[in-house]
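Report on the structure given below.
The values are calculated or read from the model by the stated rules, or taken from the named source; none is laboratory data. Note that this is a predicted model, so its numbers are computed, not measured. Backbone-built Cβ (ideal geometry, glycine too); neighbour counts: all protein chains shown.
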Amino acid sequence: MARSWIARVIVLLVPMTLVGVTAVQGAPDGGHAIGIWPVGLATGCLMVTSRPRTPLLVVLVAVLATGSIWVGGRDLDVAAGLGVGLSLGVWTMWRILAQGRRERAELRTSADLARFLGGGFAGASVVAAAAALTGLVTGWGDPGLLALAVGTSHLGAQLTVVPLFCRLRYHAPVASRGERIAQWVLIVTITPAVFLPQDSASIVFLVIPVLVWGAMRSSPYEALAQLLAVLAFAIPLTTWGHGPFANAGQSFELSADGQGILLATYGAVCALVVIPLVLTVGEQLEHARQSAAERDKVQNIVNGTTGVAIIGTDELGRVTLFNPGAERLLGYRAEEVLGRLTRQFHSDRAVVEKAAELGVAADFGVVAAALIGKGATDMRFLRKDGVERDHWMSLNRIKDDRGQVIGYVSTSEDITDRVEAEARLVESLETERQAVERLREVDQVKDAFVSSVSHELRTPITSILGYTEMLEDGVYGELMPAQLDALRRVAANSTRLLSLINDLLTLSRVQEDEIGFSDRVFDLRTIVSAGTTVVAPMLQRRALHLDLDLPDEPMPFLGDRDMLERVVINLVGNAIKFTPEGGRIAVRLRVAPDNPTHHIVLEVSDTGIGIPVQEQERLFSRFFRSSLAQEQAIPGSGLGLSIAHAIVEKHGGSMSVESAAGEGTTFRVHLPPLTAS
């Protein structure tokens, strides 16, 4: 690594010193300037080497510059002043262009060009100031003229050489090989030709069109090489006394230093023509490449979107883009519709209907204008085969960089199948709604029938029970034991039938709000205790244990005491009925711990046969009995829970169940608290 940077320093600074000696010696006799000293090599050395440290390298450049100027024929004090000035100009150029980094500077954009030119002119100003100060201190020549001569030579050397060390935006030559050869032939023939005449200075600018040609058509580094080739002819020929700049004093009545000023200015002008063109061409080619890449990307997306019709038009509505999705959905080939109006894709009826929907005139242009930028909407498209299809379409303007409308683009998707499916679904839902309505009517008829039959059966069964009691009491004579036993069976079954009828009537009246609830405030503890007492005899016959847990504080509630007591009797009775002998039943009244202000909970749990999970959602339906109850032949009508559920709901509460087969059951009644109105 050390050898690498040392080699780079030697390769750049040694030629710089030798060329610097030659430049000073080649300065015209009688002049005080130092020719076009190669400061560009020193600036390049700062950009392509990482070592030695920048101050040390700048001092080294100052020493070498001083030595080369002194060896070239200037006094040591003059050489020292100009050498220090050149090194400071080199540091200024590097500091501005490379922004203080020891690396190749970027020269790709307009901002980079501004730093390049700013650094060149700032460095030239530093060198000019140093030259003027040197002239004042040493008395060497006219300070102003010396400053102008050394400053312009410094600027020309920097502008022409430093770009070779920068990072340019590379691009392949636009010109063919034959065209590039022609450029070089013109460079090597025209440049010597225009620098041979002595009196016509303007002809030297005939080379500039060739340089412009190369800057616009060749690669960046080849264009810079052509610039250096022109200067490679111009500087030696002028030094050897050829060309209009060689005898500037005689031709233009200038001092001897005028030759160097004119030559350096010529080189700077050539650089100021070539370098901005090289950057501009590079930027344009890069933009063109990016634009082509974006265009290809968009084209690939458009062509790959086969499920969406993308149609582009010019500002007059003529088709300019018809992607494969449009071909598939509309049935046309792209070549069939390109250049034609999009009006052909819509029937008159579709236009009229859309105009009516939008509230505009029934004209295609007016409808299209109303759709622009309004978001997606449905629109019917006419296929090539004459079939109309529903599309979900959006229409938008295409604008250029100036905001001018240059066309329109529509994207649409065929939604005909979806629309038809939605129509079928709506029709199906309507059919289902009608079916549900018919079922509701049937259910109402059934309820009315059950209620009517129950009313009709209740009277004769009540009469039967009355007569059986009279027979059993011997009102119509003594009965034999066998007759009494049969009579008791009739009475028991009649009682069960009457209970079923009463349940049916109660459920019907609760559901239809025909029951007159007697609302009053009472203590819920009393109805739980009373309901439990009613079914207590059943506990003794089944050898079951009952745990009753009531709060110490009263729990006031507004409702129908008798109906809620019936709920307690039903739940505790069911727990007793479905729990085998030796089991346990727990009744608990509490306030919900998670939200005391929300509801009161009555909980009845048992260790009975349980309810299968898959049957629990039907538990509160009329006449439903679980499969386990049916298998074990446990009697019941399947109405008790329905009645309890209906009563709880009428009181603004709800019921829930937690159970599993063989694991017991827990019913919970949630009631709202009593609140002050």
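Some points to look at:
- If you go through the range 312-359 and pick out every residue that is assigned to a helix (DSSP H, G or I), surrounded by fewer than 15 Cβ atoms within 10 Å (Cβ to Cβ) and touching a strand residue (DSSP E or B) at 6+ places or on another chain (Cβ under 6 Å), you end up with 1.
- Note on the range 378-410: residues that are modelled with pLDDT of 90 or more and β-branched (Val, Ile, Thr) total 2.
- Considering residues of the range 303-336 that are aliphatic (A, V, I, L, M) and in contact with a Lys or Arg (Cβ under 9 Å, 6 or more places away or on another chain) only, the residue farthest from residue 390 (Cα to Cα): 319
- Residue match in the range 62-79 (condition: more than 60 Å from the chain's Cα centre (by Cα) and among the aromatic types (Phe, Trp, Tyr)): yes
- Residue 186 vs. criteria over 59 Å from the mean Cα position of the chain (by Cα) and over 28 Å from residue 45 (Cα atoms): no
- Of all residues in the range 50-83, those satisfying the criterion of being hydroxyl-bearing (Ser, Thr, Tyr) and assigned to a helix (DSSP H, G or I) are 54, 66, 68.
- Test: residue in the range 105-116 that is modelled with pLDDT under 95, under 20 Å from residue 59 (Cα atoms) and surrounded by fewer than 24 Cβ atoms within 10 Å (Cβ to Cβ): no
- For residue 37, the conditions (1) assigned to a loop (DSSP other than H, G, I, E, B); (2) hydrophobic (A, V, I, L, M, F, W, C); (3) at pLDDT 90 or above all hold with the exception of (3).
- Considering the range 653-671, the residues that are assigned to a loop (DSSP other than H, G, I, E, B) and modelled with pLDDT of 85 or more include one that is farthest from the chain's Cα centre (by Cα), namely 664.
- Restricting the first member to the range 653-667 and to residues that are free of Cβ contacts under 8 Å to residues at least 12 places away in the same chain, and the second to residues that are in a strand (DSSP E or B) and surrounded by fewer than 20 Cβ atoms within 10 Å (Cβ to Cβ), the beta-carbon pairs closer than 8 Å and six or more apart or on different chains are 658/666; 658/668.
- Residue check, residue 470 at pLDDT below 75 and either under 60 Å from the mean Cα position of the chain (by Cα) or loosely packed, with under 14 Cβ neighbours inside 10 Å (or both): yes
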